[in-house]
Amino acid sequence: MDQMDDIKSPLPATCGIPAILAGPCSAESRRQMLDTARPLAESGIRIFRAGIWKPRTMPGGFEGVGLPALDWLAEVKAVTGMATATEVATATHVNAAAGSGVDILWIGARTSSNPFAVQEIADALAGLHEPPAVIVKNPISPDLNLWIGALQRIHDAGITRLGAAHRGFTTYGENLYRNTPHWAIPFELRRRIPNLTLLCDPSHIAGRRGLVEQVARKAMAMHFDGLIIECHCQPDEALSDAAQQLTPAQLAELVKSLPAGGTAIADTELESLREQIDRIDESLLETLAARMQLTDTIGRYKQQRSLPAVQPMRYKAMIETRTDYGSRLGLNPDFLRVMLSAIHEESVRRQVEICCKND
Ligand code: PEP
Ligand code: MN
């Protein structure tokens, strides 16, 4: 793989450490942009983000105001001196945003999932005389190669002011996070491309404002180079992602509470390994909880049909197949038997409880 040895930070030198990109999910009006940008600039934020073209999962949502918002972004820059960033998904977006003097373009998660779209963006960037810097968000699925492939396409187009942003991954069902972090993936990206500026977007990982700070702190403890945080002058009125946006005052508080440039962190290697373990444990527990919910569904099914809670043959097959699979993954068979028995025991306890409750 091309090591991308020549890449540099996509962020302006004045952005501070950690770098913070803040601003609304979507540009909605000139007033909203200025009312959000001014207090952000006063609290020292140097890069303003706002989505102009919004890729929405379902039709009928607010899809951004498009071209007029480029003038608002230019005005924010003129009034506050902040650098500006927006999302691009097509060649037309690239040409319009670059033509209007936007400093940083980001490729969103839905777009970085699509090599055709990324290549179209790359080709448009290659045609620019002074292209803006580019940040590639991870694709929605936890596929590191797809992410690296997108970075590679942009790099091959001659973009050296290039970075990546981790915004979590789509998973099915109810989860703590809107987008599961799978922190091991950005870590592996950093291992493979050590000189790549790596940002974290805690807003899209968290999905709700109460969780943004916690995710931001984790990212800082794990030595991300900066954060992208959604911020709106009236978050509850926002036309997109209302639940996760902070007010400029909340953002200023959050930023103040972060360790400066990671200097507060002592043993970084150990810290980051422990953070990975914490995340893996969290996902183990989430998986276990999902398993128990399924157990309860089965319990109700058996109860309705008067089937016994414990079916010994099923138990035996379960222990055998799992021990075999786990052993092939390098896990100790004795440990597997103890663990699987404990899980089974708890499943039976729940099912018996269901049967008794409904009797
Ligand atoms: C955004 O930053 O507003 C956005 C749409 O992000 P993502 O592509 O990460 O969903
Ligand atoms: Mn958003």
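The values are calculated or read from the model by the stated rules, or taken from the named source; none is laboratory data. This one's a predicted model, so the numbers in the text were calculated from it and none came from an experiment. Neighbour counts run over all protein chains shown; Cβ positions are idealised from the backbone, glycine included. Keep in mind that these areas ignore ligands, DNA and RNA; they rest on the heavy atoms of the full protein, side chains included. Shrake-Rupley method; radii C 1.70, N 1.55, O 1.52, S 1.80 Å.
Give the residue, chosen from Thr57, Thr92, that is at negative phi, open to solvent by 10 Å² or more (accessible area, probe 1.4 Å), of a type in the set (Val, Ile, Thr) and more than 14 Å from ligand 1 (Cβ to nearest atom).
Numbers: Thr57 fails: more than 14 Å from ligand 1 (Cβ to nearest atom).
The conditions single out Thr92.
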- Message: Looking at the stretch 240-258 only, could you name the residues that are away from ligand 2 (no atom under 16 Å from the Cβ) and β-branched (Val, Ile, Thr)?
- Response: Val255
- Item | Selection from the stretch 240-252 of residues that are in a helix (DSSP H, G or I), open to solvent by 10 Å² or more (accessible area, probe 1.4 Å) and either in contact with a Gly (Cβ under 6 Å, 6 or more places away or on another chain) or within 15 Å of ligand 1 (Cβ to nearest atom) (or both) | Ala242, Ala243
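Would you confirm, using the coordinates I've provided, whether Arg49 is among the charged types (D, E, K, R), in contact with a Gly (Cβ under 6 Å, 6 or more places away or on another chain) and modelled with pLDDT of 95 or more?
Working: among the charged types (D, E, K, R): yes; in contact with a Gly (Cβ under 6 Å, 6 or more places away or on another chain): yes; modelled with pLDDT of 95 or more: yes.
When the stated conditions are applied, Arg49 passes them.
What helices (runs of 4 or more DSSP H) completely inside the stretch 124-210 contain at least 2 residues that are within 16 Å of ligand 2 (Cβ to nearest atom)? Working first, answer last.
Values: elements: 144-156, 184-192, 202-206.
Output list reads 202-206.
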- Query: Looking at the stretch 24-65, which of its residues are of a type in the set (Ser, Thr, Tyr) and either away from ligand 2 (no atom under 14 Å from the Cβ) or under 19 Å from Pro202 (Cβ atoms) (or both)?
  - Reply: Ser26, Ser29, Thr36, Ser43
- Note on the structure: Residue set Asn138, Asn114; condition within 16 Å of ligand 1 (Cβ to nearest atom), polar (S, T, N, Q), at pLDDT 95 or above and over 16 Å from the mean Cα position of the chain (by Cα); output residue Asn114
- Task: Consider Asp5 carefully, then state whether it is free of Cβ contacts under 8 Å to residues at least 60 places away in the same chain and either within 16 Å of ligand 2 (Cβ to nearest atom) or surrounded by fewer than 14 Cβ atoms within 10 Å (Cβ to Cβ) (or both).
- Result: no
- Hey, Tyr315 hits all of (1) under 29 Å from Thr170 (Cα atoms); (2) out of contact with any strand residue (DSSP E or B) (no Cβ under 8 Å at 6 or more places or on another chain); (3) surrounded by 12 or more Cβ atoms within 10 Å (Cβ to Cβ) but one; which does it fall short on? (1)
- Query: Would the stretch 216-239 turn up any residue that is closer than 30 Å to Gly99 by Cα, away from ligand 2 (no atom under 16 Å from the Cβ) and either part of a strand (DSSP E or B) or open to solvent by less than 20 Å² (accessible area, probe 1.4 Å) (or both)?
  - Reply: yes
- Output the qualifying pairs, or none if there are none: Cβ atoms under 9 angstrom, residues six or more apart or on different chains, first residue in the stretch 179-197 and at negative phi, second residue within 16 Å of ligand 2 (Cβ to nearest atom) and open to solvent by 40 Å² or more (accessible area, probe 1.4 Å). Asn179/Ile140; Asn179/Thr170; Thr180/Thr170
- Message: Here are the criteria: (1) at pLDDT below 95; (2) out of contact with any strand residue (DSSP E or B) (no Cβ under 9 Å at 6 or more places or on another chain). Tell me which single one Cys15 does not satisfy.
- Response: (2)
